[in-house]
Amino acid sequence: MSMNLNLSQMGSKSAYTVSVGNLTLFFSYSTCVAFNYCDPISGEQICGRDEHKYSVTTSAHMNALGCGRYPAMSNDELQNRVHNCLVDMSITSQLRAPDPASLDFTRTHHYLAGA
């Protein structure tokens, strides 16, 4: 089974979505701020966003991307849920899930550190 990979720029050159199969990751700059996943078996929609209080610009990106009102969760929970979605996708598509350590969930902007 093949899996589609799509990168989309949304309104701003610093706001992106990356879609892999049924999983969409939302990025502001290089930080993953939210996800949306449709379970291929149950059809259940699972989504969430990082509860971190971001800058005005990143918050605007999240709203423009349509994920600003997703349920808030800790960054650790966000990473775990994305990892579980990738594992679920690998099982249903017979592919091996990427190591979650290879995904960039770090806050890369100094003005966000400690906020």
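The values are calculated or read from the model by the stated rules, or taken from the named source; none is laboratory data. Remember, it's a predicted structure, so these values are computed and weren't measured experimentally. Cβ: placed from backbone, ideal geometry, glycine included. Neighbour counts: every protein chain shown.
Going through Glu51, Glu44 one at a time, which residue ends up being among the charged types (D, E, K, R), at pLDDT 90 or above and within 18 Å of Val87 (Cα to Cα)? Steps first, answer last, please.
Details: Glu51 fails: within 18 Å of Val87 (Cα to Cα).
None of the other options fit; the residue is Glu44.
Could you list all residues from segment 25-49 that are hydroxyl-bearing (Ser, Thr, Tyr), surrounded by 15 or more Cβ atoms within 10 Å (Cβ to Cβ) and under 14 Å from Asp88 (Cα atoms)? Break it down into steps so the answer makes sense when it comes.
From segment 25-49, those hydroxyl-bearing (Ser, Thr, Tyr) are 28-31, 37, 42; that's our starting set.
Still in the list and also surrounded by 15 or more Cβ atoms within 10 Å (Cβ to Cβ): 28-29, 31, 37.
Residue satisfying the conditions is Tyr37 alone.
Applying the selection to segment 25-48, what residues are hydroxyl-bearing (Ser, Thr, Tyr) and either farther than 13 Å from Met62 by Cβ or in contact (Cβ under 8 Å) with a residue 60 or more places away in the chain (or both)?
Restricting attention to segment 25-48, the residues satisfying the condition of being hydroxyl-bearing (Ser, Thr, Tyr) are 28-31, 37, 42.
Within segment 25-48, Tyr29, Ser30, Thr31, Tyr37, Ser42 qualify.
Name the strands (runs of 3 or more DSSP E) wholly inside segment 1-91 in which the number of residues that are in contact with a Lys or Arg (Cβ under 7 Å, 6 or more places away or on another chain) is 3 or more.
Numbers: elements: 5-9, 15-20, 23-28, 31-38, 45-50.
It comes to 31-38.
Within segment 38-61, can you find the residues that are among the β-branched types (Val, Ile, Thr) and under 15 Å from Leu25 (Cα atoms)? It would help to see each step written out before you state the result.
Initial filter on segment 38-61 (among the β-branched types (Val, Ile, Thr)): 41, 46, 56-58.
The answer is Ile46, Thr58.
Residue-wise test of (1) over 11 Å from the mean Cα position of the chain (by Cα); (2) hydrophobic (A, V, I, L, M, F, W, C).
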position	(1), (2)
Gly21	yes, no
Phe27	no, yes
Asn36	no, no
Tyr54	yes, no
Asn84	yes, no
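Does segment 47-79 hold any residues that are in contact with a Gly (Cβ under 6 Å, 6 or more places away or on another chain) and closer than 18 Å to Lys13 by Cα, and which are they?
Hits for segment 47-79 are Met62, Ala64.
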